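Below is one structure, written out as structure tokens; the observations come after it.
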Amino acid sequence: MSNKTQIRQTINRILSPVPAPAPVPSVRPAPEPVPPKYTDKIITCVECAKSFVWNAGEQEYYNKRGVLNAPKHCPACKARRRQYFNNHPNQGQK
Ligand SMILES: [Zn+2]
């Protein structure tokens with residue numbers, strides 16, 4: 001193969017219609033698997049400062065009841081508060 005032939009082939013390749021470019025792979029990293037709407041959250045209780053899990057099932061349960069805010073109290077404190085308010089109905093829930 002002569003040098004000229006090579007050059008012509010190169011020119012032909014450059015001038016020839018370019019086939020549709022392959023789809024450029026996205027620059028962004030592969031998307032993470034779609035996260036479930038609710039994921040377990042670690043919450044620190046405002047009363048005893050212990051961490052507790054607000055799990056996805058509870059979040060969904062609360063959300064369906066219109067409660068969008070995360071609970072502030074761990075189950076233990078919640079139960080104690082409920083107990084307290086049950087025993088002191090006149091104090092009202094705050
Ligand atoms: Zn607590």
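When region 39-73 is filtered for residues that are in contact (Cβ under 8 Å) with a residue 24 or more places away in the chain and within 15 Å of the chain's Cα centre (by Cα), only Lys41 remains.
Among the residues of region 53-81, those that are farther than 11 Å from Ile43 by Cβ and of a type in the set (Phe, Trp, Tyr) comprise Tyr61, Tyr62.
Tell me yes or no: at least one residue of region 51-58 is assigned to a loop (DSSP other than H, G, I, E, B), within 10 Å of the ligand (Cβ to nearest atom) and modelled with pLDDT of 95 or more. Spell out the reasoning first.
Our first condition is that a residue be assigned to a loop (DSSP other than H, G, I, E, B); within region 51-58, this holds for 55.
Of the ones still in play, those that are also within 10 Å of the ligand (Cβ to nearest atom) are none.
Taking every residue of region 51-58 in turn, none turns out to be assigned to a loop (DSSP other than H, G, I, E, B), within 10 Å of the ligand (Cβ to nearest atom) and modelled with pLDDT of 95 or more.
In region 70-83, is there at least one residue being at pLDDT below 95 and either at positive phi or loosely packed, with under 10 Cβ neighbours inside 10 Å (or both)? Within region 70-83, not a single residue is at pLDDT below 95 and either at positive phi or loosely packed, with under 10 Cβ neighbours inside 10 Å (or both). Of all residues in region 16-49, those satisfying the criterion of being modelled with pLDDT of 95 or more and touching a strand residue (DSSP E or B) at 6+ places or on another chain (Cβ under 7 Å) are Ile42, Ile43, Thr44, Cys45.
The values are calculated or read from the model by the stated rules, or taken from the named source; none is laboratory data. Values in this document were obtained by computation on a predicted structure and should not be read as measured data. With ideal geometry, Cβ positions are generated from the backbone for all residues, glycine too; neighbour counts draw on all protein chains shown.
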